[in-house]
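Peer 1: Sharing a structure here in structure tokens format.
The values are calculated or read from the model by the stated rules, or taken from the named source; none is laboratory data. In this text the structure is predicted, and so the values were computed from the model without any measurement. Cβ placement follows ideal geometry from the backbone for every residue including glycine, while neighbour counts extend to all protein chains displayed. Just the protein is used for accessible areas: all its heavy atoms, side chains included, with ligands, DNA and RNA removed. Shrake-Rupley method; radii C 1.70, N 1.55, O 1.52, S 1.80 Å.
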Amino acid sequence: AAKELRYSWRDPRRKAGLLGLLVAVIVTLSVSRLGHRPGGAPGARSPGNGALLVGAAVYGGIIAGIQSANQFGQDGGALWLNVAATSRPQDLRADLAGKNLASAVIAMPIFAVLYTVLGLLTGDAVTAAAAFGMAACALGVTLGITSMASILLPYALPERRASAFGGGGTGRGCLAGLCNLAILALALVAMAPVLVPLVPLHTGWWLLLAGPAYGAALAWAGRLAASRVGFRRLPELLAEVSRPV
């Protein structure tokens, strides 16, 4: 995790991934402003407004997790060090856990500050807490899916470290876009056990506990499956991300 955080600070391409978080924050603030009723009583709760904020939180969590869709591609040829040190699936799972933890360390404080501020401004701490729980849930679920996507659909990135927006060459942008759309759809399906109870139960403090717990469980399951599959195809993975582009 410490290595990934250092790379995120040094590599312009990884810094560009923070734009996804910025978009999520802007969308959340816009939705909060849209759902605010001028002249309404402070702290008054509206089911429609709560659903909008929770929906924006789900979107933000998924967008934050999608930034990890090609984790090994960002390592490039340097991945051979990890491959040489990996002697069992547990080693690969530990590597994925570090990458997931680094993503959470970057995203979760931003979400915590965002929804704390929204809770104070709107006077609706319950909805803000529920939205934070759903953002954490969406992030965990998406990280579990991206762990598997990083194993099954890796692609090389150019060595132009000075470019924050360097792509993967002809055809790779299309692959990345389709992969991200698939991850978005799968994340929404995987979140059904948490999203469906929202209809009868509505938003509440229960999401602050259920959301992060479910997200953490799905992230762990995704790492477990990815490590078992990825350990058998580490040579192919290294060859793919080391390909010159």
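Peer 1: Size of the dipole of the chain about the Cα centre, Lys and Arg at +1 and Asp and Glu at -1 on the beta carbon, nothing else charged, in debye to 20? Don't jump to the answer; show the numbers that get you there.
Peer 2: Values: 20 positive and 9 negative charges, 63 e Å.
That gives the chain a dipole magnitude of about 300 debye.
Peer 1: Kindly report the accessible area of the chain per residue (heavy atoms of protein chains, probe 1.4 Å, no ligands, DNA or RNA), in Å². Provide the component values of the computation, followed by the final result.
Peer 2: Numbers: 11890 Å² over 245 residues.
Per-residue accessible area for the chain comes out at 49 Å².
Peer 1: What range in the chain is the longest one free of chymotrypsin sites (Phe, Trp or Tyr not before Pro) that are in a loop by DSSP and have at most 15 other Cβ atoms within 10 angstrom? If you can, show how the numbers build up before the last one.
Peer 2: Details: sites that count: PHE165, TRP205.
Between exposed loop sites, the widest span is 1-164.
Peer 1: As a check on your grasp of the helix formula, calculate [θ] at 222 nm for the chain: sum -39500 (n - 2.57) over DSSP H runs of n ≥ 4, divide by the residue count, round to the nearest 500. Show your work: numbers first, answer last.
Peer 2: Values: 13 runs with 188 residues, N = 245.
Mean residue ellipticity at 222 nm (helix-derived): -25000 deg cm²/dmol.
Peer 1: What accessible surface, in Å², does a 1.4 Å probe find on VAL54, ignoring ligands, DNA and RNA and rounding to the nearest 10?
Peer 2: The value for VAL54 is about 10 Å².
Peer 1: How large, in percent, is the carbon and sulfur part of the accessible surface of the chain at a probe radius of 1.4 Å? Walk me through the intermediate numbers first.
Peer 2: Details: 8360 of 11890 Å².
Ligands and nucleic acids excluded, carbon and sulfur give 70 percent.
Peer 1: Over all directions, how big on average is the projection of the convex hull of the alpha-carbon atoms in the chain, in square nanometres?
Peer 2: On the way: hull surface 52.0 nm².
Averaged projected hull area, Cα only: 13.0 nm².
Peer 1: Taking all protein chains together and a probe of 1.4 Å, list SER147, SER87, SER32 from the most accessible to the least accessible.
Peer 2: Details: SER147 0, SER87 90, SER32 25 Å².
Result, largest first: SER87, SER32, SER147.
Peer 1: Between VAL199 and LEU18, take the C-beta separation as r, use R0 = 35 Å, and let me know the FRET efficiency to the nearest 0.05. If you can, show how the numbers build up before the last one.
Peer 2: Working: r = 34 Å, r/R0 = 0.97.
Computed FRET efficiency for VAL199 and LEU18: 0.55.
Peer 1: Can you pull the one-decimal nm distance between simple spin-label points at LYS3 and ARG243, each 7 Å off the Cα toward Cβ?
Peer 2: Using points 7 Å along Cα→Cβ, the separation is 2.4 nm.
Peer 1: Leaving out ligands, DNA and RNA but keeping every protein chain, what accessible area does ARG88 have, in Å² rounded to the nearest 10, with a 1.4 Å probe?
Peer 2: Taking all protein chains as shown, ARG88 has close to 130 Å².
Peer 1: Can you work out the PRE-style zone for ALA225? Point 7 Å along Cα to Cβ, and I want the residues of segment 113-146 with backbone N under 17 Å.
Peer 2: The answer is 138-146, whose backbone nitrogens lie closer than 17 Å to the label point.
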